[in-house]
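For reference, the structure is listed below as structure tokens.
The values are calculated or read from the model by the stated rules, or taken from the named source; none is laboratory data. Bear in mind that the values here come from a model prediction, so they are computed numbers and not experimental data. Note that each Cβ is placed from the backbone with ideal geometry, even for glycine, and that neighbours are counted across all protein chains shown. Please note that ligands, DNA and RNA were not included when accessible areas were found on the heavy atoms of the full protein model with its side chains. Shrake-Rupley method; radii C 1.70, N 1.55, O 1.52, S 1.80 Å.
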Amino acid sequence: MKTRAFHVDIDCAQLSKEGCQVCGDVFLSRRIKEEDRIIAVMSDGLGSGIKANVLATLTASMAITFTLEKQPIDRTAQIIMSTLPVDSKRQISYATFTIIDIESGGETRIIEFDNPAWIFIRDGKVIEIEKERVNVVLDGGRERQMYLSHFTLERDDRIVMVSDGVTQSGIGTNDMPFGYGDDSIREFVCNRIIEDPTVSAHELAKVVIRKSNANDIYKPQDDISCAIIHFREPRRLMVCSGPPYDEIRDKLLAEMVRDFKGKKVVCGGTTSQILARELGLSIDVGFTLDDSGLPPASKMQGIDLVTEGILTIGRVAEILETMQGFEVIGAGPAVAICKLLLGSDVINLVVGTKINVAHQDPSLPVELEIRRNVMRKIARLLEEKFLKEVNIQFI
Amino acid sequence: MDEKKIEVLVCSGTLCYLMGGSELQLLSECLPPDLRGKVDVKGSPCLDFCNHPKNGRPPFATINGRCIAQASVSLLIAEIRKEIKG
């Protein structure tokens, strides 16, 4: 089982321009597990609304794919620029981009084109990183300048990327006639990190968005996006569900749960009874129904959350599959599990493979899927959709 | 002297919950006035009755340790009355 020393926490928050349904900025990120590598791209399409979103989506998707294949930056830029559709009003094809490529061990390359300068923060202060100017000659002889940086991330370093909707927010108001500006956003982010050094990427990005929205007097004048990358100690979570195939392994399961350093969730009545028996603990069975329709959560000393098994994890898979963004809405045990999952970086799924004979009755009113399939689905969603590092172990 | 309360354990296992046990979690609220204060209703981890067909069909509950199969709120109230009468 591979264990990385650090985790890369990435999140992006966005607001669309007043009156637009779709944001014209696009942020994409991809974790390549085999190479222990992360690529993130922010692109701002020309104009706003659907047209801008299409330009930015095309740009971000191409940028990710070419970076993944380690194509040279000038070639990547050339292809992007000559592929984008031409705007009928302005007769140009255009979208900005910032590509961040983080390799194993923190080695980082950033390529930026026409976005506000990305910000590098270490120990609550902005550190200036040397940037190399790269001239790219496009079709028709037009020249564009891009900036390339190369450095190594250390623990607790942060990279902040914003669209011009942030730096230009508040433009034309009495307080900031020329907009919020690069310096103000740097100071704002640093102050927030000094206030709370453990602030998550999700929370920090949201705070920046809220501030920009307030600068625009709650009517965003442009699409607003902020992405944060935080290189930090991983938050670990163990989710244990199902009894082991062989009773001899009950003790092993209990030891794994007891010795795990991180938060612990147990899903399953029999599983929790095995742990209670092996570890000499008692279970306080929940008896208060909520509107989730799931059996209530129980309590056990040393375990952060104890829930029912297959119905709850089935609902967890459903929530993860259908949710948009990173915000889990609602209440109940499945929502509580999702919140813990999304708040963690490295997730260990321990899946007992014993089949519950009583669940195989064909007259049961719902389909009780085999636990290992549901847990595999959860693992896949966490890895692919939420970029979590997931280890799954069948016992 | 305090009268000893009747102990009702409702199985919170998946199968019992699915087969109607979720309703039983409202038993305390559904007790008639004359039984209130005389009954202690609690949830229990799976009581393992479902793995032995001789016990009957879920949902299961126990009244002072006695297994009640296909439990419903009305059946449990009737059984509690029987228990009180002895």
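For chain B, a Gaussian network of Cα nodes joined below 10 Å ranks B:P58, B:P33, B:P45 by mean-square fluctuation, and the top entry is B:P33. Of all DSSP-defined beta bridges confined to chain A, some 75% are antiparallel rather than parallel. Rounded to whole numbers, the Karplus 3J(HN,Hα) couplings from phi for region B:34-41 are 5, 9, 5, x, 9, 10, 10, 9 Hz, using 6.51 cos²θ - 1.76 cosθ + 1.60 with θ = phi - 60°, and x at Gly and Pro. Per-residue 3J(HN,Hα) values for region A:226-231, derived from phi via the Karplus relation 6.51 cos²θ - 1.76 cosθ + 1.60 with θ = phi - 60°, read 9, 10, 10, 10, 10, 9 Hz in sequence order (x marks Gly and Pro). A cut-off of 5 Å between modelled amide H atoms, ignoring neighbours fewer than 5 places along the same chain, links A:R37 with A:I32. Both numbers refer to the Cα atoms of chain A; Rg and Dmax are 23.9, 76 Å.
The Cα trace of region A:149-188 gives Rg and Dmax of 13.6, 41 Å, the first to one decimal, the second as a whole number. In region B:20-47, the residues whose accessible area drops by at least 50 square angstrom when the other protein chains are added to the isolated chain are B:Q25, B:P45; the probe is 1.4 Å and only protein heavy atoms count. Summarising the amide proton neighbourhood of A:S298: residues at separation of 5 or more, or on other chains, whose placed amide H is nearer than 5 Å comprise A:G286, A:V306, A:T307. Between 0 and 90 degrees, the angle of helix A:371-384 with respect to the longest Cα principal axis of chain A falls at about 20 degrees. Taking amide H as placed 1.01 Å from N in the peptide plane, A:D222 has its amide H under 5 Å from the amide H of A:E18, each at least 5 places away in sequence or on another chain. Looking at the protein assembly as shown, the accessible area is 48 square angstrom per residue; that uses a 1.4 Å probe and ignores ligands, DNA and RNA.
Taking the Cα atoms of region B:8-86, the ratio Rg/Rh between the radius of gyration and the Kirkwood radius comes to 0.95. Could you please state, rounded to a whole Å, how far the C-alpha centre of region A:1-70 is from the C-alpha centre of region A:175-245? Taking the Cα centre of region A:175-245 as reference, the centre of region A:1-70 is 16 Å away. Surface composition of the protein assembly as shown: carbon plus sulfur atoms contribute 49% of the solvent-accessible area (1.4 Å probe, protein chains only, all chains present).
For chain A, take the longest principal axis of its alpha carbons; what is the angle in degrees between that and the long axis of helix A:182-195, to the nearest 10 within 0 to 90? It is inclined by approximately 20 degrees.
Please give me, ordered by residue number, the trypsin sites (Lys or Arg not before Pro) of region A:176-264 that lie in loop per DSSP and have at most 11 other Cβ atoms within 10 Å.
The qualifying sites are A:K261.
Annotation for the B:A interface, with buried accessible surface near 1600 Å², both sides summed [1.4 Å probe; non-protein components not counted].
Hydrodynamic radius of region A:272-392 by the Kirkwood approach over all distinct alpha-carbon pairs: 15.5 Å. For the residues A:T67, A:T152, a 1.4 Å probe over the protein chains yields an accessible-area ranking, largest first, of A:T152, A:T67. Here the Karplus curve 6.51 cos²θ - 1.76 cosθ + 1.60, taken at θ = phi - 60°, turns the phi angles of region A:147-161 into couplings of 10, 10, 10, 9, 7, 10, 6, 10, 4, 6, 6, 10, 10, 10, 10 Hz, with x standing for Gly and Pro. Helix A:333-342 and the long axis of chain A differ in direction by around 50°, with both axes built from C-alpha atoms. For region A:50-113, the set of GluC sites (Glu not before Pro) satisfying both a DSSP loop assignment and a count of at most 13 other C-beta atoms within 10 Å is given as A:E69.
Go through region A:82-188 and name the chymotrypsin sites (Phe, Trp or Tyr not before Pro) that are in a DSSP coil and have 12 or fewer other Cβ atoms within 10 Å of their Cβ.
Those that pass, being in a loop and sparsely packed, are A:F178.
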